[in-house]
1. Could you calculate the FRET efficiency of Asp89 with His23 from 1/(1 + (r/R0)^6), where r is the beta carbon distance between them and R0 is 35 Å, rounded to 0.05?
2. Hey, got the dipole for the chain? About the Cα centre, +1 on K and R Cβ, -1 on D and E Cβ, debye to the nearest 20?
3. Sketch the reach of a paramagnetic label on Glu53 as a point 7 Å from Cα along Cα-to-Cβ, and name the residues of segment 11-29 whose backbone nitrogen lies under 17 Å away.
4. Rg to Rh ratio, segment 36-106, alpha-carbon atoms and Kirkwood radius?
5. Roughly what would the spin-label model give for Glu13 and Glu103, points 7 Å off Cα along C-beta, in nm?
6. With unit charges on the beta carbons (Lys and Arg positive, Asp and Glu negative) and the dipole taken about the Cα centre of segment 1-103, which residue among Leu6, Asn63, Asn79 sits farthest to the positive side?
7. Ratio of alpha-carbon Rg to the 2.2 N^0.38 Å globular estimate for segment 39-80, to two decimals, please.
8. Any chance you could look up the accessible area of Asp54 with a 1.4 Å probe, heavy atoms only, rounded to 10 Å²?
Amino acid sequence: MRRSDLLITRLSEIGRSLEMAGHALALIGLGSVGLERERLDEFSDLDFFAIVEDGWKDRFIDNLDWLESVRPVAYRFRNTVDGYKLLFDDGVFCEFAVFEPHELAA
């Protein structure tokens, strides 16, 4: 599978996992997996925002089972109060943040 196809597939899998976890409102792909897909290449990573219902952010930040159910996680590092840098065991690297709707204006 081409890297670009793998990343788009993985993003879709993350979206399904968020849906199954409940309390998720949206998954927004950023950069080369968002509106700039013409930049998607073998060096791209997954950048995304997960938007969750008010009061549920801590659950999605403190418990990454919604990502671990997609693929085993080899490494994670909480780099901001809102998110992580994460490496799946197959080499797919992610940078993501979780927000509640009221945080989007900022």
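1. E(calc), rounded to 0.05, equals 0.85.
2. With Lys and Arg at +1 and Asp and Glu at -1, about 200 debye.
3. 17-27
4. 0.99
5. With each label placed 7 Å out from Cα toward Cβ, I get 2.5 nm.
6. Among Leu6, Asn63, Asn79, the one farthest towards the positive end of the dipole of segment 1-103 is Leu6.
7. Working: Rg = 12.7 Å, N = 42, 2.2 N^0.38 = 9.1 Å.
Computed over Cα atoms of segment 39-80, the ratio equals 1.39.
8. Accessible area of Asp54: about 100 Å².
The values are calculated or read from the model by the stated rules, or taken from the named source; none is laboratory data. None of the values given here were measured: they were computed from a predicted structure. Because the Cβ atoms are built from the backbone with ideal geometry, glycine has one as well, and the counts that use them run over all protein chains shown. Each accessible area value is taken on the protein alone, full model and side chains, heavy atoms only, with ligands, DNA and RNA left out. Shrake-Rupley method; radii C 1.70, N 1.55, O 1.52, S 1.80 Å.
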